[in-house]
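Q: The structure follows.
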Amino acid sequence: MLEVVKRLTLAFALLLLAASVLLYADRGSRNPSNTRFSAGDPDAPAIRVAVVLHASLPALEEALNGVLEELAGRGFVDGGRVRIRRFNAEADIGAANTIAKEVTGGSYDLIISLSTTSLQTVANANKSGRRTPHVFGLVSDPFGAGVGIDAANPAVHPPYLTGYGSMQPVEDSFRTARAMRPELQSVGLVWNPAEANSRAQTLIARTVCKELGIQLVEANAENSTAVLEAANSLVARGVEALWISGDVTISLASDLIIDAGKRARIPVFTVMPPSIERGALFDLGANYLEVGRAVGRLAADVLDGGNPADIPVENFVPKLFLYNDTVLAGLKDRWTVPDELRQQADGWITATSRNLPKPQAPAAPAARAQPGRRYRIGLAYFAPEAAGDICMRGILDALRDLGFEEGRNLEVRRAHAQAEIANIPALLQNFDSSDVDLIVPLSTPLITGACALVKRKPVVFTYCSDPIAAGAGRSFTDHLTNVTGIGSFPPVEEMVDLIRKTLPGAKKVGTIYNASEANSVKVVGVAREVFAKAGLELDEVTVASSAEVVQAAQALASRQADAFYIQGDNTVIQGFDAVIKAARDARIPLFADDPESAKRGAAACLGLGFYRPGYAAGQMAARVLTGTSPANIPIVNISEKSLWFDLAMARELGITFPAEYLAQGETVD
């Protein structure tokens, strides 16, 4: 009997010991602080961090730079002990919810979100997910975001969630506007009621405007395409200025509001630095780099063992004030920048000086060529043409700046399809089966082909209006695993506005495009809707090859088009001389969005420059060449507006370009 008792006692002790071991081993999953993240522990597993942005905005990108800088300074370097994956919903709420489900599904040890919408989508998904530690930032009003943070007691919040609120200095912004124009009576605001951060700022704006005796005239826009119409409606109602709040939807289209202000000769002021570079009178907002650094420090604290439950949510708004007094001369009313405000400024643009905070280096670590290695890339393009050459120069300049020098350690193999879509499959398959390290397709036909046919090699693309329409993926973050790159959508709304104001009596505008080019189909689809809203008919003719462009241009001329609009269709650009001749013979103004082609005979160009997108693609290519998977590099949209006018052609045709556009562009006479 005694022997049985001894055996039972021993068995119980062993069970107790096993249970203790299991409980100790599981301590990390039960403790949100998860001390196994300590950067000083060389045996700790790789830390998986998800960074979630809602859109590609300078403020969010600047904050991301600050986050990564602080994490690296604390020993959490991407590619070292930490694996950081970035997600960007590109202002698509469906994509945002999909991203939120993915990052809260248990694959990540920490989530960092930047923007109110990202906080909301991730926090809501996290309730039913693994309740992953979550640090947020760049949120105007976290207490009103509906994620369980108590405004009365900021220490009360979900135990796995903490972060910083950053309510923009809305009140100070309006007081500054009043100081610049004491007679100010009305300000227009375009905002999206669906955004909680925008609602919070609008409520503050209403209160301060009532106190100052300023009428706040509001117009709603639920998407970027509605912004121009809303801004124009405010101008028509006689507002004396336009204000841009921290509304993400509106900020993505801020150039349209600034341009509307320029046309009406009224100023635009914002809480989203550095908008003064694009023509705003002043920005009074947060220093988003510093906000990002604060978020990065908080995230590092959590990774080092801090428990989010013990960290109260605080408001952190380091102010940044910038002004651009070159705007003053073009305004219809008298505005000034008082000396007191000049002395307080953190940066400025004047007629004689420019002093702006230096932009932080790109958040992605520099990807430099490795000593002793030789790299090979395949450049695939549709046909030789000037804008494509400029884009390629940008690519190679970026690579050279990062140590990849053609003729030394970089071999560049160039091939084009001779302007024939039928030649593309063989061209790309040859590259895919070769020994190149990377394929770089330029133009939508090549990108569409690469997305469908390239299976062995990584792909970095550019020179493309709409990568998603070209087949690169479902969104800028949810894309093919071997494909990434740079998109550049043309300024269609501004082009329509330019044509309408140059030709106020026009009824019909003709365009030519290849319906087999996905980018052209997308651009024309957008243009069709915008032209219709402007009361103009878009007369469309499609072609299958450059040889058909002559007949198409003649057909449009015979149908009495008041103007030709040629967007960057690759097939049409190859036959552009035929369009120029048809336009000249019929004395029809030709508007184009390809700067290099336009200078051969168009009356005006309002489009995109391609050196900067090419340079950005070159930086991406460097990252892929040095080992980063395209799957971990979000697609990015980069647009560099280009304006060009032929004044001699305008006189010949008897037309006058709008002064507000001439002031922004290059002219020849």
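The values are calculated or read from the model by the stated rules, or taken from the named source; none is laboratory data. As the structure is a prediction and not an experimental result, all values here were calculated from the model. Please note: Cβ atoms are built from the backbone with ideal geometry, for glycine as well, and neighbour counts cover all protein chains shown. Ligands, DNA and RNA are excluded from the accessible area calculation, which covers all protein heavy atoms including side chains. Shrake-Rupley method; radii C 1.70, N 1.55, O 1.52, S 1.80 Å.
Q: Taking θ as phi - 60°, what are the ³J(HN,Hα) couplings along the stretch 260-266 by the Karplus curve (6.51, -1.76, 1.60), each to the nearest whole Hz, with x for Gly and Pro?
A: Calculated HN-Hα couplings, in order: 4, x, 4, 5, 8, 6, 10 Hz.
Q: Among the aspartates and glutamates, which have Cα under 17 Å from the Cα of Lys319 when same-chain residues fewer than 8 positions away are ignored?
A: Glu62, Asp141, Glu171, Asp172, Asp283, Glu290, Glu340, Asp346
Q: In addition: Output the 0 to 90 degree angle, nearest 10, between the alpha-carbon long axis of helix 93-103 and the longest principal axis computed from the alpha carbons of the chain.
A: 30 degrees
Q: Nearest 10 degrees, 0 to 90: what angle lies between the long axis of helix 611-625 and the longest principal axis of the chain (Cα atoms)?
A: 30 degrees
Q: Can you give the angle from 0 to 90° between the axis of helix 2-25 and the longest principal axis of the chain, with both taken from C-alpha atoms, to the nearest 10?
A: On a 0 to 90 degree scale, this one is about 30.
Q: Tabulate in residue order the Karplus-calculated ³J(HN,Hα) for the stretch 370-382, using 6.51 cos²θ - 1.76 cosθ + 1.60 with θ = phi - 60°, rounded to whole Hz; enter x for Gly and Pro.
A: Ordered by residue, 3J(HN,Hα) equals 8, x, x, 9, 10, 10, 10, 10, x, 8, 10, 9, 6 Hz.
Q: What residues qualify as long-range amide H neighbours of Val77, i.e. H under 5 Å apart, gap of 5 or more or another chain, H built at 1.01 Å from N?
A: Val82
Q: Can I ask one more? Please go through the stretch 164-209 and write out the GluC sites (Glu not before Pro) that DSSP classes as loop and that have at most 11 other C-beta atoms within 10 Å.
A: Glu183
Q: State, to one decimal in nm, how far the label point of Arg376 lies from the label point of Arg130, with both points 7 Å from Cα in the Cβ direction.
A: It works out to 4.1 nm between the two label points.
Q: Where a Cα-Cα gap under 12 Å defines reach, which aspartates and glutamates qualify for Lys507, not counting those fewer than 8 residues away within the same chain?
A: Within the straight-line cut-off, Lys507 pairs with Glu537, Asp539, Asp562.
Q: Ok, one more. Tell me the mean residue ellipticity at 222 nm calculated for the chain from its helices only (DSSP H runs of n ≥ 4, each -39500 (n - 2.57), averaged over every residue, nearest 500).
A: One gets -11500 deg cm²/dmol as the mean residue ellipticity at 222 nm.
Q: Now a separate question. Keeping all protein chains in place, calculate the accessible area per residue for the stretch 154-297 (probe 1.4 angstrom), answer in Å². Walk me through the numbers on the way to the answer.
A: Numbers: 4550 Å² over 144 residues.
Per-residue accessible area for the stretch 154-297 comes out at 32 Å².
Q: Using amide H atoms built 1.01 Å from N in the peptide plane, name the residues 5+ places from Gly165, or on other chains, whose amide H lies under 5 Å from its own.
A: Glu314, Asn315, Phe316
Q: Is the shape of the stretch 314-414 rounded, prolate or oblate, going by the alpha carbon gyration tensor and its root eigenvalues a ≥ b ≥ c, with a/c under 1.5 for rounded and a/b larger than b/c for prolate? Write down the numbers at each step before the final one.
A: Working: a/c = 3.79, a/b = 2.08, b/c = 1.82.
Prolate, because a/c is 1.5 or more and a/b exceeds b/c.
Q: Within the stretch 581-636, which chymotrypsin sites (Phe, Trp or Tyr not before Pro) sit in a loop by DSSP and count at most 14 neighbouring Cβ atoms inside 10 Å?
A: Working: sites: Phe591, Phe610, Tyr611, Tyr615; in loops: Phe610.
Within the stretch 581-636, no chymotrypsin sites (Phe, Trp or Tyr not before Pro) qualify (loop, at most 14 other Cβ atoms within 10 Å).
Q: Working out 0.36 nm times the residue gap between Thr350 and Arg408, then minus their Cα-Cα distance, what length gain in nm do you get to one decimal? Intermediate results must be reported in sequence, preceding the final value.
A: On the way: separation 58, 0.36 × 58 = 20.88 nm, distance 4.36 nm.
Taking Thr350 through Arg408 to full extension adds about 16.5 nm, to one decimal.
Q: With θ set to phi - 60°, apply the Karplus curve 6.51 cos²θ - 1.76 cosθ + 1.60 along the stretch 179-191 and write out the HN-Hα couplings as whole Hz, x wherever there is a Gly or Pro.
A: Result, rounded to whole Hz: 5, 7, 9, x, 7, 4, 10, 8, 9, x, 9, 9, 8.
Q: Using a cut-off of 9 Å between beta-carbons, work out the net charge of the residues near Gly165 (Lys and Arg +1, Asp and Glu -1, Gly165 not included).
A: Details: positive: none; negative: Asp141, Glu314.
Around Gly165, the surrounding residues sum to -2.
Q: Right, another one. If you add up the charges near Ala506, with Lys and Arg at +1 and Asp and Glu at -1, over every other residue whose beta carbon is less than 14 angstrom from its beta carbon, what do you get? List each step's numbers first, then the result.
A: Numbers: positive: Arg500, Lys501, Lys507, Lys508, Arg559, Arg587; negative: Asp497, Glu537, Asp539, Asp562.
It works out to a net charge of +2.
Q: Please enumerate, by chain and number, the aspartates and glutamates with C-alpha under 17 Å from the C-alpha of Lys332, excluding those fewer than 8 residues away in the same chain.
A: Result set, ordered by chain and number: Glu183, Glu240, Asp259, Glu660.
Q: Among Asn430, Val271, Phe76, pick out the residue whose Cα is farthest towards the positive end of the charge dipole of the chain, where Lys and Arg carry +1 and Asp and Glu carry -1 on C-beta, about the Cα centre.
A: Result: Phe76, furthest along the dipole toward the positive end.
Q: Moving to a separate point now. Could you tell me what percent of the DSSP beta bridges with both partners in the chain are antiparallel, to the nearest 5? Mind dumping the intermediate values first?
A: Numbers: 13 of 87 bridges.
The answer is about 15 percent antiparallel.
Q: Something else now. How about the stretch 309-350: which trypsin sites (Lys or Arg not before Pro) there are in a DSSP loop, with at most 14 other Cβ atoms within 10 Å of their Cβ? Working shown, then result.
A: Details: sites: Lys319, Lys332, Arg334, Arg342; in loops: Lys332, Arg334.
Filter output for the stretch 309-350: Lys332, Arg334.
Q: Run the dipole for the chain about the Cα centre, Lys and Arg Cβ at +1, Asp and Glu Cβ at -1, nothing else charged, and hand back the magnitude in debye, nearest 20.
A: Details: 64 positive and 74 negative charges, 233 e Å.
Once rounded to the nearest 20, the dipole reads 1120 debye.
Q: Quick one: which residues, 5+ away or cross-chain, put their amide H under 5 Å from the amide H of Ile244? H built at 1.01 Å from N.
A: Phe269, Thr270, Val271
Q: Distance check, please: which entries in Lys101/Lys522; Lys262/Lys641; Lys501/Lys522 exceed 18 angstrom between their Cα atoms?
A: Values: Lys101/Lys522 30 Å; Lys262/Lys641 16 Å; Lys501/Lys522 24 Å.
Pairs exceeding 18 Å: Lys101/Lys522; Lys501/Lys522.
Q: Could you tell me which of Asn315, Thr336, Ala299 has its Cα farthest along the dipole of the stretch 299-340 towards the positive end, charges placed at Cβ (Lys, Arg +1; Asp, Glu -1), taken about the Cα centre?
A: Toward the positive end, the furthest listed residue is Thr336.
Q: Is the stretch 165-282 best put as rounded, prolate or oblate by its Cα gyration tensor, with a ≥ b ≥ c the root eigenvalues, rounded for a/c under 1.5, and otherwise prolate when a/b is larger than b/c, oblate when not? Present the calculation step by step, with values, prior to reporting the outcome.
A: Numbers: a/c = 1.31, a/b = 1.07, b/c = 1.22.
Here the stretch 165-282 falls in the rounded category.
Q: Give me the net charge for the shell around Ser597: Cβ to Cβ below 10 angstrom, other residues only, Lys and Arg +1, Asp and Glu -1. Present the calculation step by step, with values, prior to reporting the outcome.
A: Numbers: positive: Lys599, Arg600; negative: Glu385, Asp577, Asp593, Asp594, Glu596.
Once all neighbours under 10 Å are counted, the net charge is -3.
Q: May I pose another question? Which of rounded, prolate, oblate describes the stretch 202-249, given a ≥ b ≥ c as roots of the alpha-carbon gyration tensor eigenvalues and a/c under 1.5 marking rounded, otherwise prolate only if a/b is larger than b/c?
A: On the way: a/c = 2.83, a/b = 1.42, b/c = 2.00.
Taking the square roots of the gyration eigenvalues as a ≥ b ≥ c, the stretch 202-249 is oblate.
Q: Now for a separate question. Evaluate E = 1/(1 + (r/R0)^6) for Arg265 and Glu652, where r is the Cβ-Cβ distance and R0 equals 25 Å; express this FRET efficiency to the nearest 0.05.
A: Numbers: r = 29 Å, r/R0 = 1.16.
Efficiency for this residue pair is about 0.30.
Q: Okay, next question. Set Lys and Arg Cβ to +1 and Asp and Glu Cβ to -1, take the dipole of the stretch 495-542 about its Cα centre, and tell me which of Val524, Leu498, Thr511 lies farthest positive.
A: Comparing the listed Cα positions along the dipole, Leu498 ranks first.
Q: Next up: Let's test the formula: R0 of 45 Å, r as the Cβ-Cβ distance of Asp389 and Lys507. What FRET efficiency results, to the nearest 0.05? Intermediate values should be presented prior to the final figure.
A: Numbers: r = 37 Å, r/R0 = 0.83.
After rounding to 0.05, the efficiency reads 0.75.
Q: In nm, to one decimal, how far is the Arg600 label point from the Gln185 one, both placed 7 Å along Cα→Cβ?
A: For Arg600 paired with Gln185, the spin-label model returns 5.4 nm.
Q: Here's a follow-up. Hey, rough spin-label estimate for Lys533 and Thr667, points 7 angstrom out along Cα→Cβ, what's it come to in nanometres?
A: Computed distance between label sites Lys533 and Thr667 equals 2.9 nm.
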